[in-house]
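The values are calculated or read from the model by the stated rules, or taken from the named source; none is laboratory data. Keep in mind the model is a prediction, meaning the values are calculated, not measured. Virtual Cβ from ideal backbone geometry, glycine too; neighbours counted across all protein chains shown. Heads up: the accessible areas ignore ligands, DNA and RNA and are worked out on the full protein's heavy atoms, side chains in. Shrake-Rupley method; radii C 1.70, N 1.55, O 1.52, S 1.80 Å.
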Amino acid sequence: MTTLVALVPAGPLHPDDALWALGVGLGLGVVLRRSPGLWVSSLVASALILFELRYPGAVLDGFVQRPSPVWPVLVVLALGTAGSLMTSRAHITLRSAVGLSVAALTVVWTIVPDTEAALVFGGVMLGALMRTPSVPAGRAGGLLFAIPVIAAVIGTVGRPSELRPALLALAVFGVAGAVLIRLGHRQRTGRAGLPTTVVPAATSSTTTAPAPTTAP
């Protein structure tokens with residue numbers, strides 16, 4: 001792994017974190033490929049545990065070290081609840097939910113000052129996406145949409161003023177994603193609900209009688 005890290009430019013990209021996250025995500029995807037019911041909880045827990053191992057105490061500090069730590073928690077809970085309703089009503093697949101989470105984490109990564117959380121969480125999701133099954137995400141899929149908000153909270157602990165722009169960008173992204181998912185679901189259900197066209201078979205007014213049989 002050290003040799004691979006040496007090939008990646010050092011600096012704000014945090015190549016060690018990226019490689020660890022991709023490895024954990026890919027390994028998790030292989031292990032759980034036959035257990036989609038455990039996918040979401042295991043994926044979220046693995047991302048948080050890996051980040052905690054890499055940066056001990058950073059998850060808790062991201063919420064505690066704020067003038068008002070209550071409202072970031074409420075935002076995370078609200079987005080998780082909204083995501084649960086969206087994934088259950090729009091019949092979004094688990095693969096789509098993980099992909100949207102990766103895209104949202106990319107938005108966070110481009111905005112927040114400290115990119116470690118967005119990078120680790122996004123790397124785990126991206127690694128697992130390679131083996132994610134196309135099954136309904138269900139209500140548990142809402143946890144995947146809470147992860148980008150957690151990354152935004154952690155990434156702005158040193159600059160709390162940057163949290164609002166990050167959350168605003170996530171809100172715009174979330175609304176756009178919800179609209180696209182809804183439109184896609186309507187198109188699929190619309191095509192599936194079209195009545196089957198019955199084409200009557202051609203009939204003939206002339207009836208051909210069987211040829212008479214001549215006894216030898």
Out of GLY57, GLY29, GLY62, GLY25, sole residue that is more than 15 Å from LEU126 (Cα to Cα), buried (at least 18 other Cβ atoms within 10 Å of the Cβ) and either at pLDDT below 85 or of a type in the set (Gly, Ala, Ser) (or both)
GLY62
Please go through the range 99-123 and give me each residue that is surrounded by fewer than 24 Cβ atoms within 10 Å (Cβ to Cβ) and touching a residue at least 12 places away in the same chain (Cβ under 8 Å), ordered by number.
GLY99, VAL102, ALA103, THR106, VAL107, TRP109, ILE111, PRO113, ASP114, THR115, GLU116
Condition first: part of a helix (DSSP H, G or I) and within 14 Å of the chain's Cα centre (by Cα). Can you find one or more residues in the range 60-81 that meet it?
yes
When the range 124-182 is checked residue by residue, the ones that are open to solvent by 70 Å² or more (accessible area, probe 1.4 Å), out of contact with any strand residue (DSSP E or B) (no Cβ under 8 Å at 6 or more places or on another chain) and outside any helix (DSSP H, G or I) are MET130, ARG131, ARG159
Which residue is farthest from SER46 (Cα to Cα), if the candidates are limited to the range 93-121 and must be among the aliphatic types (A, V, I, L, M) and in contact with an Asp or Glu (Cβ under 9 Å, 6 or more places away or on another chain)?
ILE111
Output yes when any residue across the range 43-53 is among the acidic types (Asp, Glu), modelled with pLDDT of 90 or more, open to solvent by 40 Å² or more (accessible area, probe 1.4 Å) and more than 15 Å from the chain's Cα centre (by Cα), and no when none is.
yes
